[in-house]
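Asks: Structure in structure tokens, see below.
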Amino acid sequence: MAQGTWYTFWDFYNMKISFVTTKRLAIPICMILSSLFIQSSSFAQDSKKTSLEQAIQSKQFIFKAQTAFPMRGGMRQLTSEYDLKVKGDTIIAYLPYFGRAYVAPIDPTKGGIQFTSTQNNYTLKAKKKNSEITIVPKNIQEVHQLHLNISPNGNASLQVISNNRDPITFNGYVEALKEIN
């Protein structure tokens, strides 16, 4: 009977040693796996940053508005798809407007900031921490300037300065424009 008791004691002892060895190996394995995960995610971020920079340089991107900050009044969350598309020399705006208009539009269905401009001045200032784009549409009377400030991760802010309305700012994000044939 002593041998049976002695045998189970050694089984228990070996099991304890095996658990400690496994625990010692688990920590380095977890560290290696987490470092690989971090490296792969940083590679994906660098890839996204590079494609965004190329889209901005080639004027092929879209700004998607998520919140509006009118000059008068509080912030408004946007629930619909509002955007500003830049396709080469063409600027297409479909944005809402909240604020004071000094001149009412002739067509009441033309509310908000909606236009397509093919003649504009496009100025890009690329900095370390962000890109600043100024667009001055020449053939649109109601919009004076568009200022777009884009961070490296794609977050952006768009300020629209109009001739007949109070300025309005939109926050959102910028993506490379995907061409659909």
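Just so it is clear, none of the values below were taken in a lab; they were calculated from the coordinates. Nothing here was measured: the structure is a model prediction, and the numbers come from that model. Cβ: placed from backbone, ideal geometry, glycine included. Neighbour counts: every protein chain shown.
Asks: How large is ³J(HN,Hα), in whole Hz, for each residue of the stretch 84-90 in order, when computed from phi with the Karplus curve 6.51 cos²θ - 1.76 cosθ + 1.60 and θ = phi - 60°, using x for Gly and Pro?
Replies: So the J values, rounded to whole Hz, are 10, 9, 10, 10, x, 8, 9.
Asks: At what distance in nm do the modelled label points of Lys138 and Thr116 sit from each other, each positioned 7 Å from its Cα along Cα→Cβ?
Replies: 1.9 nm
Asks: Listed here are the pairs Lys128/Lys178; Lys64/Lys178; Lys85/Lys110; which of them are more than 23 Å apart at the Cα?
Replies: Lys128/Lys178
Asks: Okay, next question. Could the peptides 165-171, 77-83, 101-107, 65-71 be put in order, highest first, of the mean number of other beta-carbon atoms found within 10 Å of their residues?
Replies: Result, highest mean first: 165-171, 65-71, 77-83, 101-107.
Asks: So if R0 is 25 Å, what FRET efficiency would Thr67 and Ser151 give, r being the distance between their Cβ atoms, rounded to the nearest 0.05?
Replies: Efficiency, from the Cβ-Cβ distance: 0.95.
Asks: List the residues whose amide H sits under 5 Å from the amide H of Glu142, counting only those 5 or more places along or on another chain, with H placed 1.01 Å from N in the peptide plane.
Replies: Answer set, sorted by chain and number: none.
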